[in-house]
Structure formats: C-alpha cells, structure tokens
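Participant: Mind looking over this structure? Questions follow.
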Amino acid sequence: MQKKEYLTVGVIVANHKSSEKRAKQDIKKNLVNKTNESKMKTSVKKVRDAVTAGDKTAAGEFFKAAQAELRKLAKTGVIKLNTAARRTARLAAQVNGVK
C-alpha cells in the first residue's frame, strides 16, 4: 500500500484496524480545518486592513467574504457559533464605523 503525503504528518500508534483508520481520518481533517481557519484569518485581516485604510466599499466586500468564512467554520464545528457571531458583529461595527 502506497503512503499518502498527508499521512506522514503524524505518527499513527493504533492497536486495531478501525482505530488506525480513524487516526488517518483525523490527520486529514486536521489539515482541512487548519487550512480553512487560515483562510478565515486572512479574510478577517483583509477587512481590518480596508477599515484602517478608510476604504468603505472594499471593507464591505471583504466583510461579506469574511462573514461567509466565519459561518462555514461555525457550521462545521471548527469554531463555536457564538465565537463566529461575536467576530462577525465586531467586524460589522468596524465596517460601519468607516467614514
């Protein structure tokens, strides 16, 4: 059996075939979650940069993308629902404060 590149990230110490499979799934899902969380952080940073630059239209567009990323992560359980709501509300307040 050929090993996939993503499986070399962690060491799998499993006693049963099912627990070995679960460990592999966990490694894959962990990578997906990290990637999505990184995308979310980048989109939030873009909103904050647009707000500090004073560009209301760009901030609004970036806010929509950041809001979608936050909702996606909350829906999949990467972050909690209240965390997503809090971050969205704070970003919205910053975007609405741009003149």
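Participant: Answer yes if at least one residue in region 36-59 is over 16 Å from the mean Cα position of the chain (by Cα), in contact (Cβ under 8 Å) with a residue 24 or more places away in the chain and exposed (fewer than 12 other Cβ atoms within 10 Å of the Cβ), and no otherwise.
Facilitator: Yes, region 36-59 contains a residue that is over 16 Å from the mean Cα position of the chain (by Cα), in contact (Cβ under 8 Å) with a residue 24 or more places away in the chain and exposed (fewer than 12 other Cβ atoms within 10 Å of the Cβ).
Participant: So is Glu69 at pLDDT 95 or above, among the acidic types (Asp, Glu) and more than 19 Å from Asn96 (Cβ to Cβ) or not? Before the answer, list the steps.
Facilitator: Working: at pLDDT 95 or above: yes; among the acidic types (Asp, Glu): yes; more than 19 Å from Asn96 (Cβ to Cβ): yes.
Answer is yes for this residue.
Participant: Let me ask something else. Across region 60-99, what is the total count of residues that are of a type in the set (Val, Ile, Thr), more than 17 Å from the chain's Cα centre (by Cα) and in a helix (DSSP H, G or I)?
Facilitator: Residues in region 60-99 being of a type in the set (Val, Ile, Thr), more than 17 Å from the chain's Cα centre (by Cα) and in a helix (DSSP H, G or I): 1 in total.
Participant: Among residues belonging to region 60-99 that are of a type in the set (Val, Ile, Thr) and in contact (Cβ under 8 Å) with a residue 24 or more places away in the chain, point out the one that is surrounded by the most Cβ atoms within 10 Å (Cβ to Cβ).
Facilitator: Narrowing region 60-99 to residues of a type in the set (Val, Ile, Thr): 76, 78-79, 83, 88, 95, 98.
Imposing the further condition that a residue be in contact (Cβ under 8 Å) with a residue 24 or more places away in the chain reduces the set to 76, 78-79, 95, 98.
Numbers: Thr76: 12, Val78: 18, Ile79: 18, Val95: 20, Val98: 16.
It comes out as Val95.
Participant: Filter region 14-44 for residues that are within 19 Å of Ala74 (Cα to Cα) and acidic (Asp, Glu); which is modelled with the highest pLDDT?
Facilitator: Glu37
Participant: Select from region 14-35 the residues that are among the small types (Gly, Ala, Ser) and in a helix (DSSP H, G or I) and write down the one among them that is surrounded by the most Cβ atoms within 10 Å (Cβ to Cβ).
Facilitator: Looking only at region 14-35, we keep the residues that are among the small types (Gly, Ala, Ser), and these are 14, 18-19, 23.
Filter again for in a helix (DSSP H, G or I), leaving 18-19, 23.
Details: Ser18: 9, Ser19: 12, Ala23: 16.
Looking at the filtered set, the residue picked out is Ala23.
The values are calculated or read from the model by the stated rules, or taken from the named source; none is laboratory data. If you're wondering where the values come from, they're calculated on a predicted model, not measured in any experiment. Cβ atoms come from the backbone with ideal geometry, glycine included; neighbour counts cover every protein chain shown.
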